[in-house]
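Taking it in order: structure first as structure tokens, then the write-up.
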Amino acid sequence: MKKWFVCCAAWLLAQPFAMAGIPIQFWTLDNGARVYLMEVQGLPMVDIQLEFDAGSRRDSKGLNGLAQATAMMLGKGVQAGASASNDRMSLSMRSLTRAEILNQAIALAARQLASPSFSSMVWNTERERWIASLRESKTKPNVQASHAFAKAVYGEHPYGQDEDEASLRRIEPAQMRAFHSRYLVPCRAKISIVGALNKAQATEKLTQLLKGLPASSACELLPLVDEVQPLSAPHRIDIPFESAQAHVFIGQPGVARQHPDFLALTVGNYVLGGGGFVSRLTEQVREKRGLSYSVYSYFSPGQHAGAFTVGLQTRPDQAEQAIEVATQVVSDFVKEGPSNAEVQAAKDFLIGGFALRLDSNRKLMDNLSNIAWFDLPLDYLDTWTAKVQKLTAADIQQAFARNLQPERMVTVVLGAASP
């Protein structure tokens, strides 16, 4: 997943501070925008993030990269940040809350949001840089392997489609303007705010921020995007590449972020391959056999089923053995699940480190925007620890068995030795 980012600060203050039990306030503006506020009065600053259903899954056919190009050009010219991922387009700003500073920051961001220039001259320059970057990426084995893996896992779904030189050549500012006008409307906005503003102040500033966008009395539903299709059979892809290491990816479509099994899969994956040196994959692939310095697994969150991925690098002549061992570890874990001791160790680590995910405005914003985007419960952060504590080894094994099929996974191998 690719992300363009432009520095988005009027002033940057990054001092960590204690967070405990901060309630999330939710309301809907008159223009239909949904607002999520964590009021934090400890520092005179505020972070604001707007999210729209305008990620690359909304790219027009033959115009892969349009959402990213629109976000990139939207961020040109003033101090604000814009990015596009598979699912969403995000626009963010940070400012001191002193009236004269915040008012200027809101005015600049409102102008940028409502009336981006989409300059042809700037786009032509940025497009050439982007194309040069794509050409360079073809020399990077890990990039090539990960792209092949995504295409194999997602098939024709937008998650598996990448921009290329041809699609970028077809994108022009007129198409960015059309994309902007269709998807960036107030009634589709989800807005997260963390900082020293109360509800009334936030409502006032957000009304100013969005006033230039086209209003809509009836916010029409966007077309549904097809779901990721499950794999019907195993698939092996071998990519010749001159590399000192073979790059291996094994996996399949996983689950959407809102799926009820997501938390159990997250905790279980710490045992399987997300826990670094204490994970089963590391124990079997690295520690016992010395086949790889690093091996890992993870579930990608998304509006649709993100990939479950096992990744490793190994000597080309050891690739087959490493694949065999890693695949067997996953298969055994799906069948048998973790032990009670492994589950307790995972809980202790994840719960013990939970506070570190909430110790700054930036981290709070990351959590709040995910709650907003994925429609998670407003008390999600308050109940997370109790829900993790409640999980059992049986819960985790059943979640893995419901959602993973080791016998039907994709295996991508780049740079392995010839048989």
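Annotations
- Antiparallel DSSP beta bridges within the chain, as percent of all bridges there, nearest 5: 75
- Within segment 306-384, all pairs of alpha-carbon atoms sorted by distance into 10 Å bins from zero give the percentages 14, 26, 30, 24, 7, 0.
- Each principal axis of the Cα atoms in segment 204-304 has its own extent, and those three values, largest first, are 63, 31, 31 angstrom.
- Sorting the segments 357-370, 403-416 by their residues' average number of neighbouring beta-carbon atoms within 10 angstrom, most packed first, yields 403-416, 357-370.
- Cα-based convex hull, segment 157-212, per residue volume (Å³, whole number): 150
- At q = 0.21 Å⁻¹, base-10 log of I(q)/I(0) for segment 55-144 (Debye sum, equal scatterers on each alpha carbon): -1.09
- At an R0 of 25 angstrom, the distance between the Cβ atoms of E324 and H147 translates into a FRET efficiency of 0.55.
- Most mobile of A393, A99, A215 in a GNM of the chain (Cα contacts under 10 Å): A99
- Of every Cα-Cα pair in segment 355-419, the percent that sits beyond 20 Å: 58
- Base-10 log of normalised Debye intensity for segment 25-210 (one unit scatterer per alpha-carbon) at q = 0.18 Å⁻¹: -1.14
- Along the chain, longest interval not containing exposed chymotrypsin sites (Phe, Trp or Tyr not before Pro), exposed being DSSP loop plus at most 15 other Cβ atoms within 10 Å: 18-292
- Gain in span if fully extended, S339 to A386, counting 0.36 nm per residue against the direct Cα distance: 14.9 nm
- The loop-placed trypsin sites (Lys or Arg not before Pro) in segment 129-183, going by DSSP, that have at most 16 neighbouring Cβ atoms within 10 Å of their Cβ come out as K138.
- Rg/Rg_ref, the chain, where Rg_ref = 2.2 N^0.38 Å and atoms are Cα: 1.04
- Applying 0.36 nm per residue to the separation of N198 and S181 and subtracting their alpha-carbon distance, the gain on full extension is 3.1 nm.
- Cα centroids of segment 31-88 and segment 130-148: 25 Å apart.
- Summarising the label geometry, the points placed 7 Å from Cα in the beta-carbon direction at D238 and K288 lie 2.7 nm from one another.
- The helix-only estimate of mean residue ellipticity at 222 nm for the chain, built from DSSP H runs of length n ≥ 4 each weighted as -39500 (n - 2.57), is -12000 deg cm²/dmol after division by the residue total.
- Label sites at R357 and D226, each approximated as a point 7 angstrom past Cα along Cα to Cβ, lie 3.3 nm apart.
- Beyond 15 Å, the tail of the calculated P(r) for segment 139-235 holds 77 percent of the Cα pairs.
- Partners for K151 among lysines (Cα-Cα distance below 29 Å; same-chain residues under 8 apart left out): K2, K3, K61, K138, K140, K335
- As a ratio to 2.2 N^0.38 Å, the alpha-carbon radius of gyration computed for segment 235-414 takes the value 1.08.
No value in this document is a laboratory result; all are computed from the given coordinates. Every value quoted in this text rests on a predicted model; they were computed, and no experiment measured them. All Cβ positions, even for glycine, are placed from backbone atoms using ideal geometry, and neighbour counts span all protein chains on display.
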